[in-house]
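Notes follow once the structure below has been shown.
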């Protein structure tokens, strides 16, 4: 009896896990087979969409790398992402630290206020910001994105880091002050090493946020060579109502795999970062 | 010369006055204990001395130098927090050497000093461990070693024993005192535990509601309390206080004993109606009523086991207090009155 019940419980858990594995893996599977299917196979309503009905082909991948500037987009994405991460770290860390430790009771409400600016949708903001970009003569340049992306990464990351800094006992910092550190010394030598998982979280977050951003990139950049993956792929591979599904999926697959790998490597720390920010 | 001197320290947190014109000075090599209930301002005073908090008014002098506006790093002090505040990401060696590394001391000197401090507390074998791998007692030693390693002018301790269990606490007390005597660094120790205060302090500063009530040796504080607060805060059970006309009469429970065998001594006699007897083995606590109104509810007598008089609840006995053991306090202000006269039985 007891064994049977335990078995059933186990079975249910495995069934649920299996369901979510399929759910999570399906998009990758779909991208993978679409990227290697022949066009005839893809567009034939008779063929089974989940399987290869005809031999696979490298034609789409070849097209992606040969006839579009995909590699250039990837490089651009990393350039923008890296620069945005750096700017975010340089501004969000001191901001979050001073809001949690130095601003007293105003810090908390200021932090929430900063977070609220993150919620203003880019679909509204890109209009005034495009004036700013044209005023600064940064149109068609990656610098426009490097300048604009921190407007949403900094508020979010500042708020996230505040949760981390708050979780570090004040005693430890004061001990560092007593042991001969300045405020900034205490922050660098004690607070930052204790917030590695928080800092890692905001690095990943700022990078993926800027990687997936679409609207600003679409609004500010139309020269092919300066596009990022998020706009380059859809604008170059969708022509009018013709969707080049094969290369589209190949591009999507190639750019999503590194992110997926990084996420799963740091999943634990990532979750810790979020719950910590959420509870206190 | 006083190692630490604070004059006229007043501190407000918003509207709340947490320290009210505090003055005190430590003597050289002294172990000074700040004792008081929680919220009396003792920790705030310690933090002001450390430089973690700024006084609203008043001055702090360390080693004869005014340091009121200076940050902690400019004061050459060491402090041990209640939580020990070890750096969790550093090994024991890195923790202990941290105050030296912030002063850019050279490597060999650091090695030597850390070895000395670790040896002093018997933690040489733990140097490679991380704080989370240590027991409570070991953590405390690491915190003390880190505090002592650069030979500070003053040693500030904020309830360092309150995280230890009762057994460990007694031995830690002993260790702390022998160590302080050996090193001879002026020490200011904050606690709310009167047993710790009596056991450790050369002098005790009793504080309440932001004010210093009394500064004195443990025996002075115990036998000559400056006011009724000190009288009832120090000692367990506290001093008996009974109303007698315009004054409050105070006497320690261990002074309030049956008359048998003490007829010859210079004593005051009282009728004592026993209501309850508690036998704790090492002592007997006898609760009851006197003809006077008591401040603490009931009057207590504390009998050592060698006093074998049998006492029963519900009966009235003659009890006596040595005349020297009677303290009189002003009924309104609670202050000790110096003259002892006019006590009637």
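The values are calculated or read from the model by the stated rules, or taken from the named source; none is laboratory data. Computed from a prediction, not measured in an experiment: that's the story for all the values here. As a convention, Cβ positions derive from the backbone with ideal geometry for all residues, glycine included, and neighbour counts pool all protein chains shown.
Some points to look at:
- Complete set of residues in the range A:176-194 that are assigned to a helix (DSSP H, G or I), buried (at least 20 other Cβ atoms within 10 Å of the Cβ) and facing chain B (nearest Cβ under 7 Å): A:177, A:178, A:190
- Only one of the listed residues (B:292, B:251) is surrounded by 15 or more Cβ atoms within 10 Å (Cβ to Cβ) and either more than 22 Å from residue B:225 (Cβ to Cβ) or modelled with pLDDT of 90 or more (or both). That residue is B:251.
- Hey, residue A:130 within 14 Å of another protein chain (Cβ to nearest Cβ) and touching a residue at least 12 places away in the same chain (Cβ under 8 Å) or not: no
- Hits in the range A:141-169 (condition: within 14 Å of another protein chain (Cβ to nearest Cβ) and free of Cβ contacts under 8 Å to residues at least 60 places away in the same chain): A:168, A:169
- Of the numbered criteria (1) under 30 Å from residue A:214 (Cβ atoms); (2) more than 27 Å from the chain's Cα centre (by Cα), the one residue A:48 fails is (1).
- Filter pass, residue B:284 being surrounded by 15 or more Cβ atoms within 10 Å (Cβ to Cβ), out of contact with any strand residue (DSSP E or B) (no Cβ under 7 Å at 6 or more places or on another chain) and under 26 Å from residue B:198 (Cα atoms): no
- Listed by position, the helices (runs of 4 or more DSSP H) enclosed by the range A:1-108 that each have at least 2 residues that are assigned by TED's automatic domain parsing to the domain that holds residue A:184 and closer than 30 Å to residue A:143 by Cα are A:59-67, A:70-97.
- Single unsatisfied condition, residue B:129 versus (1) in a helix (DSSP H, G or I); (2) surrounded by fewer than 18 Cβ atoms within 10 Å (Cβ to Cβ): (1)
- Any hit, the range A:144-153, residues being part of a helix (DSSP H, G or I) and surrounded by fewer than 20 Cβ atoms within 10 Å (Cβ to Cβ): yes
- Restricted to strands (runs of 3 or more DSSP E) entirely inside the range B:7-98, those with at least 2 residues that are within 10 Å of another protein chain (Cβ to nearest Cβ) are B:77-80.
- Some residue of the range B:97-117 being touching a residue at least 60 places away in the same chain (Cβ under 8 Å) and surrounded by 21 or more Cβ atoms within 10 Å (Cβ to Cβ): no
- Residue match in the range B:121-142 (condition: more than 25 Å from the chain's Cα centre (by Cα), within 28 Å of residue B:26 (Cα to Cα) and modelled with pLDDT of 90 or more): no
- Any chance residue A:115 is under 26 Å from the mean Cα position of the chain (by Cα) and touching a residue at least 40 places away in the same chain (Cβ under 8 Å): yes
- Filter result for residue B:230 (assigned by TED's automatic domain parsing to the domain that holds residue B:257, closer than 17 Å to residue B:325 by Cα and over 11 Å from the mean Cα position of the chain (by Cα)): no
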